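The values are calculated or read from the model by the stated rules, or taken from the named source; none is laboratory data. These figures come from a predicted structure and were not determined experimentally. Please note: Cβ atoms are built from the backbone with ideal geometry, for glycine as well, and neighbour counts cover all protein chains shown.
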Amino acid sequence: MTESANAKYTLAPIDNGLLLHLTGDWSFTAGVPDIYPLLSHIDNVKAAFVSFNTEQLITWDTGLMTFLIELIDRCEHKNIPVDKTNLPQGVKRLLNLAYAVPERKDSRRAILGQPVLAKIGNVTLETHRSWNDMLTFVGELCKGTYNLMRGRARLRTADMFYQIEAAGPSALMIITLISTLVGMILAFVGAVQLRLFGAEIFIANLVGLGMAREMGAIMTAITMAGRSGSAYAAQIGTMQVNEEIDALTTMGISPVEFLVLPRLLALCITMPILCVYSIFMGIFGGAIVSAGLFDISFSQYYLQIQAFVELKHFLIGIMKAAVFGVLVATAGCFRGLQCGRSASAVGFAATSAVVTSLVLIIVADAVITVICQVLGV
């Protein structure tokens, strides 16, 4: 016998069959007994039929119906007839209604994996479509830039200044935190080896060169990719969902000129400035570690950087930041214009914008580094 609250059932053998006694309050509020011990018992015995005794059944609702449907389905699977004669009239009517129309075979959706060739074909088609869309976007962007140089681009200056404010001053706090911590990390990493030779003063060389050539531009670009690139994709993607992009096209206004160019110009202006700020905050972070742990004064630290880190290293980092700004803005706006017509598509566009930006940043950094190495700068 199994019970839950007031509901109980008892199974007893009768004439090569099974008699199920149902007693108590069979409702979801009172609690319905666990049916799995009963199903397990039916699977392990041979019974000619299953019948019911409901003389002590007080009340019932869909809790009893769910219990009976699971039991009847299991009995049909085991080819055991079910006698519903002694069930309440309301229960019998609902059961007849539930089984009036049998479930159509193969009506449930089958989740099948695609063949390997089909997956390869889909990836190939998607890649071709993405490349086609990207080339079209780059062409429109070049055309818009040419119109901007001629003074004929249709964009609002106020939008550009708003994007500069959103991408520049509003990002100073996060740039300050990340750059300072990166400078401190570089100082700690360099000190582990340099202190073995008593050359802690060269921590300044490591931090200064690393921040000026690489880390300042890369950390700024990664921060802006997660902050501004995703925002561009979400903003333009939402406009795509609301059919605002279609409205601009209908009015003869190029979405690339009106939406993309202000954001592109904003990042092209702010990224080099933020990179310079990031470089000096990273150097400051290294100075904190050097002065606090290795008895290197601030004046010694900055004089060492001034003697070792030449101006060309700063210019290389600033040039990288400008290139990264173009890539972040381009990736974010492209994914926004490529966005679908649903809310989930906007989220996917924002995620894809960040991933695309990071990949482009690393690839561009590798290419620029190789070029600088070949040219000897």
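One table, with the values for the structure above:
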read-out	value
Filter result (assigned by TED's automatic domain parsing to the domain that holds residue 331, acidic (Asp, Glu) and loosely packed, with under 14 Cβ neighbours inside 10 Å) within the stretch 125-181	165
Answer from 223, 238 - the residue that is among the polar types (S, T, N, Q), surrounded by fewer than 19 Cβ atoms within 10 Å (Cβ to Cβ) and at pLDDT 90 or above	238
Residue count, the stretch 45-61 (criterion: assigned to a loop (DSSP other than H, G, I, E, B) and within 54 Å of the chain's Cα centre (by Cα))	3
